[in-house]
Amino acid sequence: PIVRRYLVVKRRIARVRRKVKHVDREGYYDERTAMWDDEHEKAAKDIRKLFNKMGGLYNKLAQDWATRDGLLPQAWVDELKDSFEAMPERPWSVMKKEILLSLKEEDVTPIAPTKQGLERYFARVDEDALAAASIGQVHLATTHGGDRVVVKAIYPEIRRFLMADLINARRAAQQITTLLRLPVKGTVDAIMDEQVESFPRELDLRIEARHLRKQRLYQRRHGLDIAIPVVLEELSTSAVLTQ
């Protein structure tokens, strides 16, 4: 429906151009802008609904697009800014399995080897998420040493389908902007290329852990009074970050 409506607008603009461009050039450009702006407003709501329905990576795309003031149609940006609101959390049964699987697959040494399941690594993990986001959620936990920590875990399907979703999203964006010959075609292509390059790195929590270590080192060197989390390397993986 989004594409069909834009095609209709294109045909309407073409008819207006044939009728008035050579007679009233300024009036034509004003009317063309108004017609595009009106359709951008309508499309923005449908794009938001589509991203919500697809979930996961598409929520992340929505958040990225919501920061592109001046690059994408303003109606899209304004509508997608709601994507920063709290996301629904995943069931603990799903996240517990994913956290345990990641710790096992990356050969993290159990803290309490005589225990079973996730208790081999943590004394306790709160089942209710502290917060949920587009690509993962965090849970409060207690280590076997008694420290209260936060465990961040990536949703399993995000990592599994990341590249396929990114490639499909980029292909769809390219096809739509090419078909419609929208003035934002080059911008959308560049944004999608950037996302294909950067998003996979966001799903490797080892990179986030390295950044936190560098920030703490910089803080100490310069005597800055800033609270920066301490990463527990012994309880972290590429998909689980404990701090």
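Some values worked out for this structure:
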quantity: Gain upon complete extension [D189, L212; 0.36 nm per residue less C-alpha separation]; calculated: 5.1 nm
quantity: Hz values of 3J(HN,Hα) by residue in the stretch 65-78 - Karplus curve (6.51, -1.76, 1.60), Gly and Pro given as x; calculated: 4, 5, 9, 9, 4, x, 10, 10, x, 4, 5, 5, 4, 4
quantity: Solvent-accessible surface (1.4 angstrom probe) belonging to T67, in square angstrom, nearest 10; calculated: 80 Å²
quantity: Straight-distance crosslink candidates among lysines, where the alpha carbon sits under 23 Å from K53 and sequence neighbours closer than 8 are dropped; calculated: K42, K45, K81
quantity: Förster-model FRET efficiency, 25 Å R0, E85 and A123, C-beta, rounded to 0.05; calculated: 0.15
quantity: Accessible-area order (highest first, 1.4 angstrom probe) of the listed residues L212, L101, L166; calculated: L101, L212, L166
quantity: Mean residue ellipticity (222 nm) of the chain, computed from DSSP H runs ≥ 4 via -39,500 (n - 2.57), nearest 500; calculated: -19500 deg cm²/dmol
quantity: Between 0 and 90°, nearest 10: helix 2-20 axis offset from the chain longest Cα axis; calculated: 30 degrees
quantity: Fraction of alpha-carbon pairs over 23 Å apart in the chain - percent; calculated: 60 percent
quantity: The stretch 1-151: relative contact order as a whole-number percent, Cα under 8 Å and 6+ apart; calculated: 15 percent
quantity: Residues of the chain: accessible area per residue with a 1.4 Å probe, Å²; calculated: 58 Å²
quantity: Cross-link reach list, aspartates and glutamates versus K19, counting only Cα pairs under 13 Å and skipping chain neighbours closer than eight places; calculated: E31
quantity: Fully extended contour minus Cα-Cα distance, from D107 to L130, at 0.36 nm per residue; calculated: 5.6 nm
quantity: Simple Cβ-charge dipole of the chain, Lys/Arg +1 and Asp/Glu -1, about Cα centre, in debye nearest 20; calculated: 1040 debye
quantity: For G136, residues with placed amide H under 5 Å, excluding near neighbours; calculated: Y155
quantity: Crossing angle, helix 205-222 versus the chain [Cα axis fit, 0-90 degrees, rounded to tens]; calculated: 80 degrees
quantity: Accessible-area ranking of D30, D225, D193, D126, largest first, probe 1.4 Å; calculated: D225, D30, D193, D126
quantity: Euclidean distance of C-alpha centroids, the stretch 15-30 and the stretch 79-157, integer Å; calculated: 59 Å
quantity: Ordering of 213-222, 226-235 by packing [mean C-beta count within 10 Å, highest first]; calculated: 226-235, 213-222
quantity: FRET efficiency for K53 and H22, using Cβ-Cβ distance with R0 set to 41 Å, rounded to 0.05; calculated: 0.40
quantity: Residue among D82, D147, D24 with the largest mean-square fluctuation in a Gaussian network model of the chain, springs linking Cα atoms under 10 Å; calculated: D24
quantity: Stretch gain in nm, segment Q74-E157, where the contour uses 0.36 nm per residue and the Cα spacing is subtracted; calculated: 26.8 nm
quantity: Portion, in percent, of the accessible area of the chain that falls on carbon or sulfur, probe 1.4 Å; calculated: 52 percent
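The values are calculated or read from the model by the stated rules, or taken from the named source; none is laboratory data. Note that this is a predicted model, so its numbers are computed, not measured. Neighbour counts run over all protein chains shown; Cβ positions are idealised from the backbone, glycine included. Only protein heavy atoms, including side chains, enter the accessible area calculation; ligands, DNA and RNA are left aside. Shrake-Rupley method; radii C 1.70, N 1.55, O 1.52, S 1.80 Å.
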